[in-house]
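These notes are about the structure you will find just below.
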Amino acid sequence: MDMILFMTRECTLKCQYCYVEHKSDSFMTKETAFKAADLFIKENSEKAKFSFFGGEPLLQFELIKEITGYVTGKAAEKGFEPLLSIATNGTLINDEVLNFLEKYKFRVELSLDGDELSHNLNRPMRSGGNSYKSVVKNIPALQKRAGHLAVVGVISPQTVDNIAHNAKHVMDDLKVKSYLMVADYTAPWTEADLSKVLDQFLDLEEWYMKKSREGDNFYFSAFDAHIAAHIKGGFKPGDFCDVGRKICAVGEDGRIFPCVRFAGKPEKAANYVLGHVDTGFNWRKCSEISAENLKPRTQCSECSLDGRCITYCPCLNWDTTGSMSKIPGILCAYESMIVPIADRIARTLFKEKNRSFMKKHY
């Protein structure tokens, strides 16, 4: 089972859309982290993902170093190699961190919302000031030294006019090859905002086609994830996030949750606890949560886009509606604009037998 260690709810930033309930001194102890690592080793005998999350996990860098060395050593004794990953806002990356990420071939998910104005608007330093510069200065080194770099950007109503510009800035100006652009579905979106979203992605349609025709090797999730879903034959419950069966998150207090959104709001998620590192998994509860996640999304049954969008993410659904199988209306509105554009791109480039597109998806 993949495991995410929620190292702390503390952070160096004060993001406007953060879904983590902050709490002073909410740091995972060394004892808890090692117990989580032992549980991960116990429950896996082949490749599985071991990740660090927060808050800002690099606030616990010394402990992360210890745990990584321990878990890779124990996994090697058992005959497998864990896939290591970390989600970071990038403000604490230095040469020592880069050496560590390179040594263990970490997959890095780096938060960056776009250009300096857009990024700082929603992601200021907790102490005040510019976080953009501290993030982008390390991108070239991360591109070379991390096992893989994926940059994650959040779209909000405050930055909706700059969606296309921000994607182009990250991928063209900063030379990022993998950009995951997601929306803040908890924000108060208006009809006017959504109209702007459509205009912005129509702009990005032309940009995506141009990059593909120029032979660029890139991944832009807003389109590529939907194209992949169509080729796959659509998603089913459990495909996006198989909580309770194939993924879990350990909170800083040792409780085990379905995913990081639950761990970030432990009081709200009290009924979703899957166990504790002291006692292991409550497999009956795991089965219960898994069954809830695997329920059909009845809201989507008459929709032509059923299986094409992220309505099957139980964590997002729970965080916005209180139910893993209930879809927030804003998600449907957003996806119904993006999927047809992705389909039009795919039909055109497939007909052209575009080499970049065919290599990426076939």
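Coordinate-derived values only; no laboratory data. Fair warning: this is a prediction, and the values are worked out from it, not measured in the lab. We place every Cβ from the backbone using ideal geometry, glycine too, and count neighbours over all the protein chains shown.
Put simply, the amide H of Leu83, placed in the peptide plane, has neighbours under 5 Å in Ala48, Lys49, Phe50, leaving out anything fewer than 5 places away on its chain.
Counting only alpha carbon atoms, the long axis of helix 30-43 and the longest principal axis of the chain meet at about 70°. For Arg355, the shell of other residues with beta-carbons less than 15 Å away shows a net charge of +4, using +1 for Lys and Arg and -1 for Asp and Glu. Computed from backbone phi, the HN-Hα couplings of segment 282-297 come to 8, 5, 5, 5, 4, 5, 5, 5, 4, 4, 5, 5, 7, 5, x, 7 Hz, rounded to whole numbers (Karplus: 6.51 cos²θ - 1.76 cosθ + 1.60, θ = phi - 60°; Gly and Pro given as x).
Charge tally for Arg123 (other residues, Cβ to Cβ under 13 Å; Lys, Arg +1; Asp, Glu -1): -2. Our estimate of slack between Lys47 and Ser323, defined as 0.36 nm per intervening residue step minus the Cα-Cα distance, is 96.3 nm.
Counting only Cα atoms, the size of segment 165-207 along its three principal axes is 33, 22, 12 Å, in decreasing order.
Below 11 angstrom from the Cβ of Ala249, what's the summed charge of the other residues (Lys, Arg +1; Asp, Glu -1)?
Details: positive: Arg255, Arg261; negative: Asp2, Glu252.
Residues near Ala249 contribute 0 overall.
Let me know the shape class of segment 195-314, please: from the alpha-carbon gyration tensor, a ≥ b ≥ c as square roots of the eigenvalues, rounded when a/c is under 1.5, otherwise prolate if a/b is greater than b/c, or oblate. Prolate is the answer for segment 195-314, as a/c is 1.5 or above and a/b outweighs b/c. Sorted on the mean count of surrounding Cβ atoms within 10 Å across their residues, most packed first, peptides 117-123, 168-174 read 117-123, 168-174.
What is the pair-distance distribution P(r) of segment 120-279, computed from all Cα-Cα distances in 5 Å bins starting at 0, with each bin given as a whole percent? Taking all Cα pairs of segment 120-279, the binned fractions are 1, 7, 12, 14, 16, 18, 16, 10, 4, 1, 0 percent. Working note: Karplus 6.51/-1.76/1.60 with θ = phi - 60° gives segment 74-85 the couplings 5, 5, 4, 4, 8, x, 9, 10, x, 8, 9, 8 Hz, where Gly and Pro are set to x. As a calculated quantity, the FRET efficiency between Asp343 and Asp173 at R0 = 41 Å, using C-beta atoms, amounts to about 0.90.
Max-minus-min Cα coordinates of segment 117-195 on each principal axis give 42, 30, 20 Å, with the largest extent listed first.
Looking at this model, which pairs from Lys42/Lys236; Lys137/Lys211; Lys35/Lys236; Lys196/Lys360; Lys65/Lys265 are more than 31 angstrom apart at the alpha-carbon?
Over 31 Å Cα-Cα: Lys35/Lys236.
Once backbone amide H atoms are built at 1.01 Å from N, Tyr219 has Ser178, Tyr179 as its partners under 5 Å, excluding neighbours fewer than 5 places away on the same chain. Taking the Cα centre of the chain as origin and assigning +1 to Lys and Arg Cβ atoms and -1 to Asp and Glu Cβ atoms, the resulting dipole is close to 940 debye. For the pair Glu267 and Arg126 in one chain, pulling the backbone fully straight at 0.36 nm per residue adds 48.4 nm over the alpha carbon distance.
Taking θ as phi - 60° and the Karplus parameters 6.51, -1.76 and 1.60, the scalar couplings of segment 331-337 work out to 5, 4, 4, 5, 5, 5, 7 Hz in sequence order, x denoting glycine and proline. Overall shape of segment 1-157 was characterised from the C-alpha gyration tensor. The equivalent ellipsoid obtained from it has semi-axes of 28, 17, 13 Å, in decreasing order.
Going from the fewest other Cβ atoms within 10 Å to the most, the residues Asp184, Asp38 appear in the order Asp38, Asp184. Treating r as the C-beta distance of Lys65 and Asp216 and R0 as 45 Å, the FRET efficiency rounds to 0.80. Counted by neighbouring Cβ atoms within 10 Å, the residues Arg255, Arg347 run from fewest to most as Arg347, Arg255. Amide H to amide H, with H built 1.01 Å from N, Gly153 comes under 5 Å of Leu112, Leu180, Met181, Val182, counting only residues 5 or more places away or on other chains. With all projection directions averaged, the alpha carbon convex hull of segment 7-93 covers 5.9 nm². Taking +1 at the Cβ of each Lys and Arg and -1 at the Cβ of each Asp and Glu, which of Ala229, Ile155, His165 sits farthest along the dipole of the chain towards its positive end, judged by Cα position relative to the Cα centre? My answer, from the dipole projection, is Ala229.
Could you tell me the calculated FRET efficiency between Asp199 and Glu77, based on Cβ-Cβ distance and R0 = 45 angstrom, to the nearest 0.05? My answer for the efficiency is 0.20.
Packing order of peptides 53-60, 319-326, highest average first: 53-60, 319-326 (average count of other Cβ atoms within 10 Å over each peptide's residues).
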